[in-house]
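J.: First, the structure itself, so that you have it in front of you.
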Amino acid sequence: MSKLTFSIGGIHPHDNKISCDCKIEALPLPSTVYVSMAQHLGAPAKPIVAAGDAVKVGQVIAEPGGFISAFVHSPVSGVVKAIAPRKDLAGNMVPHIEITVDGDEWAEGIDTTDTLITEIPEDKALILEKIKSCGVVGLGGATFPTHVKLNPAPGKVAECLILNGAECEPFLTSDYRIMVERPKEIVIGAAIMQKVLGCRCVIGIEENKPLAIELIRKAIAELGYANMTVAVLKKRYPQGGEKQLINAVLKREVASGCLPIDAGAVVQNVATSLAVYEAVQKNKPLVTNTMTITGDCLPVEKNHNYLFRIGTPLSFIIEQAGGIPEEAAKLISGGPMMGKAISNIDATTVKGSSSVLYLSEAATKRKAESACIRCGRCSDACPMGLEPFLLNRLHKAADLEGLEQNAVQDCIECGCCLYSCPANIPLLDNIRIAKGQVLGVIRARAAAAKAAAEAAK
Amino acid sequence: MGKSLLVSPSPHLHANVSTTSLMRDVIIALVPASIVSVLFYGWAALLVFALSIVSCVLVEWVITKYLMKKPSTVGDLSAVVTGLLLAMNLPATTPWWIILIGAIVAIGVAKMSFGGLGQNIFNPAITARVFLLISFPSYMTNWTATQGFISRPDAVSGATPLGVIKEAIGSGSTIPEYLAANNLTSVTFLQDMGASLGELSSIALLLGFVYLLVRKVVKAWIPVSIFATVILISGIFSLINPDIYTGPVFNIFTGGMVLGACFMATDYVTSPMSTLGGIIYGVGIGVIVMMIRYFGSYPEGMSFAILIMNCVVPLLNIWFHQKKYGRK
C-alpha cells in the first residue's frame, strides 16, 4: 500500500529524533509531587482530600468538575501537605495538591505486574466507566477526556477509530518508544476502544519509524485482530493533527466547525491507547506517562525517555537528566512546533507532558521581522488552506468581519506559517490573537441568538 | 538559577529561509543567462550589468537613508535583482545616464514610492523598461547584432527578429519571402539577430528557471500558463495564415518571452497569491502579448502585457483564494 498523507499544505522540518534509541527508564520518585487540578481540557477537577490525609498510589484525590473533566489520582503514596494555587508552565496560578512522598504503596485492586491481559470485557458501559474512573485523557496534546470522546452524541456513528502514531513533531520520541516497547498493550487498548465504538481501526505511523510499524503489525497479527490495520504515513508535519490525520487515512475532511465524529472518525493517540489498556485491563489509573528529554544542544548520551509520575516537578526531572545544558537558550514542554516554552522550571508535570526539549539560541531565537514580500509560502504551508499573510493584514486593520470570512477560527495553530515565513513575520502570534477575538464574537452571537429565541417563547 | 531563558509562543523552529536567501537564489538563476549575454555582446554588456545593479542599489540606499530615514534595506538583495533584470531589458549600447534614469524609475518611482519591497503594484524593472522605451525610443531600440566577447560593439543599428518581421509584413511581404530574400533559415534567423541582453539566451534563462523550481523559490504555473496561451494563439493564427502570422517556436524564443514569463511575471510582489489567480494572470499576459505582437504598433508586447496584468492582481487576490480545509 502506498504511503498516505494529507492533501493541503504542510512542511518538512528535520525530524531530529535523536533520542529514538533511548529505552524508557523509570524515573526515581521525587520527595514531593504537585498534582495540578487543571491537567485536562474542560473544567478543573475538585479536590476530595484535605491536608494531612494519607494517600496511596492510584487513589482518587480529585473528582471531575463538570461533564468535560476528569478524575485525578495520587501518583505516589504519602501525605497531602497542602492544597494551594501554584504557578503552572506558563506562569498561571492553578490549584495543586501537594503530596509529601513516603513510599510507593499502590491502592488495592490495581494490577502492577507486566502480565499481558488479552481478554477484553464484553460490557461497553463497564469499559467506559473504567476509562472514566481511571482519569484517562487524550495524551496527544489536547488532553480531552477519553470517555467523552468514546461516547459519541446520539445519532453520530463512528466508522473508523484512527490511532495516532504519527509523532510528526520533530525531536519527540516517547510515542515511538512505547510503540516499540509495548506494542501489544497499545494494540489491545485500540481493540478495547474499537469494542466501545463498534468500528474498524487504522493505526497511522509515519514512515520514519519502520521498527514501530513492524512491531505494531506483528502485535496485530499475533493477537489475531482482523479489523485493525497499520497505515504508513509520509513524513510531513502536521501529519498527527487530528484533521490532517483523518484526511490522510480516510481521504475525508472534517467540515469547518464540526467534530471528527461528524466525518465518522474518532482519533486517539497511541499513548492514550496504552492508558486505556492499563485502565481497563489492569485497573491502573493514569498516574504515569512517558516523556522525552532531548534537544539540539544535548549530547546523545544525555538524551532520555523517562517513565515519570504525573506531578513530578520539571526541576527534579531536569536535575535527574543532568541539568540544563550550557548552550540551551529555550526550554520547551512538548514539541518544537506546538509545545510551550517553559518560563518556570518549578512547574509540575501533568498528564499530557511529553518532553523537556532544550533548544539552542541559533535554532530557536526569533529573527527580526522584515517586510512581507507576498511570496505566499505561508499559504502554501497552511494545512487548513488559510492565507496567513491576509489574516495578519486583517488583524492589523482590526477587521473582525474579514477575519471571520477568511476562516481565522479554523486555524489549528500548528505553526507552519511562521516556520515558513522568509520575512520572519510573527504570523501565528497575530493570528492567535485574531482567532481569540473572532471566536469571542461567534460565541457572543450564538448567546444572543439563544437569548432572543428564549425571549420569543 | 542565574541563567535567563527565552520564552516565546510556538513554533520554536524556523525554516532556513529568508528574503535574502530567496533573492540570492534568483540572482544565481540569472547567472547563466548573464554569462551568455556577456559572451555574445562583450564588455559593453558587462558594463551595462554593473552600472544597472550599482545604480539600483545606490538609489535604494539613498532613498532609505535620506528620504525615508529608515534602516537601509539593500541587504535583502532585492535591489540587486531589480538591477539585474533591468540590465537584461536594455541593449548593450545603452548610455550610462539612461541606465541611471532607469534605476531611478525602477527603484524610486515603481518601488520605494509605494513603500518599498512588498508594497509595489508594478514590477520595478518592467516599469523602468517601458518608461525608457517610450522616453528614449532611439536608444532603447539600438540593437546591435551579436558581436562576440571583447569586440566592442560599434553600434550597428539593427532590429530584433520581432521588429524586422513586423516591418517586412508591414511593407507587404510575407515571412517565407523575407527569409528567402535575406538568405536565412528559421534557425539562423534567430541566432543572428540582435536583441536585448537577456532575450538571446532563452535556454540559459530556462536553465535558471529550472533551478528556481528545484529550489522551490517559484512555482511553474504562471510561466506555464503564459507559454501555453502563446503557443495556442500563435499555433491557431500561423495555421490559418503562415505568411503573416509567426508560429509558436518563433514567439516563445524571441523578444522578452522567456525572461518575462519566468523571471518578471513570477515576481512575488506583483503576481497573484492563489493558483487559479496565477493561471488567469498568465493567460491574460499570453493573450495581451500576442495581440500586441500581431496587431499592435510595437513589435514586442511582453512588458506591456505584464504591466497591464499587474493592475489586475489586486482583484485576482480578492476573487480567488486557495481551497480551504473543510469548506466548500
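Every number here is computed from the coordinates shown, using simple stated rules; none is lab data. These numbers were taken from a predicted model, which means no experiment stands behind them. Note: ideal-geometry Cβ built from the backbone for every residue, glycine included; neighbour counts use all protein chains shown.
J.: Averaged over all directions, how much area does the convex hull of the C-alpha atoms of the range B:239-328 cover when projected, in nm²?
T.: Spelled out: convex hull of the Cα atoms, projected over all directions, averaged, 7.4 nm².
J.: Whole percent per 10 Å bin, from 0 to the bin with the longest distance: what is P(r) over all C-alpha pairs of the range A:377-456?
T.: 20, 46, 21, 10, 3, 0
J.: From the mean inverse distance of alpha carbon pairs (Kirkwood) and the Cα radius of gyration, derive Rg over Rh for the protein assembly as shown.
T.: Using only Cα positions, Rg/Rh for the protein assembly as shown is 1.09.
J.: Just to verify a number: FRET efficiency for A:Asp429 and A:Ile48, C-beta to C-beta distance, R0 = 41 Å, to 0.05?
T.: Using R0 = 41 Å, I get an efficiency of 0.55.
J.: Simple spin-label model, 7 Å along Cα-to-Cβ: B:Val224 to A:Ala397 in nm?
T.: That separation, rounded to one decimal, is 3.2 nm.
J.: If you line up the long axis of helix B:161-170 against the longest principal axis of chain B, both from Cα atoms, how many degrees apart are they, to the nearest 10?
T.: Tilt of helix B:161-170: around 40 degrees.
J.: Give me A:Asp175, A:Asp123, A:Asp15 sorted ascending by neighbouring Cβ count inside 10 Å, so fewest comes first.
T.: Ordered by Cβ neighbours within 10 Å, fewest first: A:Asp123, A:Asp15, A:Asp175.
J.: Dividing the Cα radius of gyration by the Kirkwood radius, what Rg/Rh value follows for chain B?
T.: 1.02
J.: May I ask for the angle, rounded to the nearest 10°, between helix B:221-240 and the longest principal axis of chain B, with both axes built from Cα atoms and the value confined to 0 to 90°?
T.: Roughly 20 degrees, rounded to the nearest 10.
J.: With the cut-off at 30 Å, tell me which of the pairs A:Lys235/A:Lys351; A:Lys17/A:Lys156; A:Lys235/B:Lys219 have Cα atoms farther apart than that.
T.: Correct reply: A:Lys17/A:Lys156.
J.: So, one more: List A:His73, A:His14, A:His40, A:His304 from most exposed to least, where exposure is judged by having the fewest other Cβ atoms within 10 Å.
T.: Ascending Cβ contact count within 10 Å gives the list A:His14, A:His304, A:His73, A:His40.
J.: A further question on this structure: State the three equivalent ellipsoid semi-axes of the range A:313-457, derived from the C-alpha gyration tensor as the square roots of 5 times its eigenvalues, in descending order and whole Å.
T.: So the equivalent ellipsoid measures 35, 24, 11 Å along its semi-axes.
J.: Moving on. If only Cα atoms are counted, what is the Rg of the range A:223-335, and what is its Dmax, in Å?
T.: For the range A:223-335, the Cα-based Rg and Dmax read 18.4, 51 Å.
J.: Starting from the Cα coordinates of the range A:173-254, work out the convex hull volume and express it per residue in Å³.
T.: That works out to 95 Å³ per residue.
J.: Around A:His12, under 11 Å between beta carbons, what's the net of Lys plus Arg minus Asp minus Glu among the other residues?
T.: So the environment of A:His12 carries a net charge of +3.
J.: May I ask for the net charge around A:Ala226, where only other residues with Cβ less than 14 Å from the Cβ of A:Ala226 are counted and Lys, Arg are +1 while Asp, Glu are -1?
T.: That sum, taken over residues with Cβ under 14 Å, equals +2.
J.: Please rank A:Ser273, B:Ser225, A:Ser19, B:Ser8, fewest neighbouring Cβ atoms within 10 Å first, as an exposure proxy.
T.: Listing A:Ser273, B:Ser225, A:Ser19, B:Ser8 from fewest to most nearby Cβ atoms yields B:Ser8, B:Ser225, A:Ser19, A:Ser273.
J.: When the gyration tensor of the range B:19-140 is built from Cα positions, what are the square roots of 5 times its three eigenvalues, in whole Å, from largest to smallest?
T.: 23, 17, 12
J.: Determine the equivalent ellipsoid of the range A:67-181 by diagonalising the alpha-carbon gyration tensor, then write out the semi-axes as square roots of 5 times the eigenvalues, largest first, rounded to whole Å.
T.: 28, 21, 19
J.: In whole Å, largest first, what are the principal axis extents of the Cα atoms in chain A?
T.: 61, 56, 54
J.: Please give the net charge around A:Val60, taking every other residue with its beta carbon less than 15 angstrom from that of A:Val60, where Lys and Arg add +1 and Asp and Glu add -1.
T.: Around A:Val60, the charge tally is +2.
J.: Apply the Kirkwood formula to the range B:1-47: the hydrodynamic radius equals the inverse of the mean of 1/r over all pairs of different alpha-carbon atoms; give it in Å with one decimal.
T.: This gives a value of 14.8 Å.
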